[in-house]
Amino acid sequence: MSAPPDQYGVVGHPVAHSWSPFIHGLFARQTEQAMVYRRFDVPPAKFRRHVTHFFLHGGRGLNVTLPHKPAAAELANELTPRAERAGAVNTLLIQGENEILGDNTDGEGLVRDLQDNCRVPVTATRILIVGAGGATRGVLAPLLALQPSEIVIANRTAARASALAREFAELGNLIGCGLDSALLTEFDLIINATSASTNGHAIAIPEKLVSARTICYDMAYSKEKTPFVRWAESLGCARALQGWGMLVEQAAESFSVWRGIRPQTAPVLEALTAS
């Protein structure tokens, strides 16, 4: 009698919209891994209890999405360096004697999508990241490792952006400011790291920041064009991209952490965008 498949899943609130079961199902078939992956809609008050129960009853790994990433960092017994730096966890793994390891694969997912899938240059470019929340925290270190000439974090609350820039300042040329700052001029790459597109809202970004050579990237994704993508295209940007590739690449990194094998992402990304 064969052993039951290993148990994995994604925890969020809400989580019904998540494409993670689709993605990891394709990864499992591609790599011939015996695993099951489910969605778990868990409110914040029950997060710690649910995760503990999942791992005590044989679960092997979890993805963590909004709003639980900071709580997952607190719950983990150990954090990888990239998760510790981000202050947030999107991947949990059981190891040893019921020790939970917390990792963050979001930054790796973004840089792989930019470089491998979209062929977007990062080194020696001027980058604007809109938003100073957890999404930005998770990607700053991997982006700065590619040595852009400058990263500017712009946020409605300038003090929050400035504080985040100071925290990561030793990693590269980094500035934080408000969305109305005079520091904001034309950029090579603009990354939307806010939840505005997810909520269907536009962002109050000055139009002067976009030129015919600017690439605009929305971490959010939708079957329709997001408000950020529509805004960027209306200004004649060079390219306007959504975060489907980041979604698949961060999932592949999580899968690699769990199973020790990295799946091919191109066929999964193609299936996802065609579905």
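Observations, loosely collected:
- Given (1) surrounded by 16 or more Cβ atoms within 10 Å (Cβ to Cβ); (2) closer than 21 Å to Asp116 by Cβ, index of the condition Trp231 fails: (2)
- Residue match in segment 200-218 (condition: over 22 Å from Gly9 (Cβ atoms), in contact with a Ser or Thr (Cβ under 8 Å, 6 or more places away or on another chain) and touching a residue at least 40 places away in the same chain (Cβ under 8 Å)): yes
- The residue of segment 175-186 that is modelled with the highest pLDDT, among those that are assigned to a loop (DSSP other than H, G, I, E, B) and under 15 Å from Asn155 (Cβ atoms), is Leu179.
- Arg29 part of a helix (DSSP H, G or I), modelled with pLDDT of 95 or more and either over 25 Å from Glu270 (Cβ atoms) or touching a Lys or Arg at 6+ places or on another chain (Cβ under 9 Å) (or both): no
- Segment 75-89, subset in a loop (DSSP other than H, G, I, E, B) and in contact with a strand residue (DSSP E or B) (Cβ under 8 Å, 6 or more places away or on another chain), residue surrounded by the fewest Cβ atoms within 10 Å (Cβ to Cβ): Asn77
- Residue within segment 90-108 that is farther than 30 Å from Phe47 by Cβ and surrounded by 24 or more Cβ atoms within 10 Å (Cβ to Cβ) present: no
- Of all residues making up segment 135-154, the number that are closer than 25 Å to Leu79 by Cβ and either crowded, with 20+ Cβ neighbours inside 10 Å or in contact with a Phe, Trp or Tyr (Cβ under 6 Å, 6 or more places away or on another chain) (or both): 11
- Scope segment 36-54; condition surrounded by fewer than 20 Cβ atoms within 10 Å (Cβ to Cβ) and under 23 Å from Glu97 (Cβ atoms); matching residues: Arg48, Arg49, His50, Thr52, His53
- Hey, Lys223 closer than 26 Å to Ser162 by Cα and of a type in the set (Lys, Arg) or not: no
- Subset tally (residues that are modelled with pLDDT of 95 or more, among the hydrophobic types (A, V, I, L, M, F, W, C) and outside any helix (DSSP H, G or I)) for segment 54-74: 2
- Here Ala165 meets each of (1) assigned to a helix (DSSP H, G or I); (2) over 24 Å from Glu207 (Cα atoms) with one exception, condition (2).
The values are calculated or read from the model by the stated rules, or taken from the named source; none is laboratory data. On a predicted model such as this, the values are computed, not experimentally measured, just so you know. Glycine also receives a Cβ, built like all others from the backbone with ideal geometry; neighbour counts cover every protein chain displayed.
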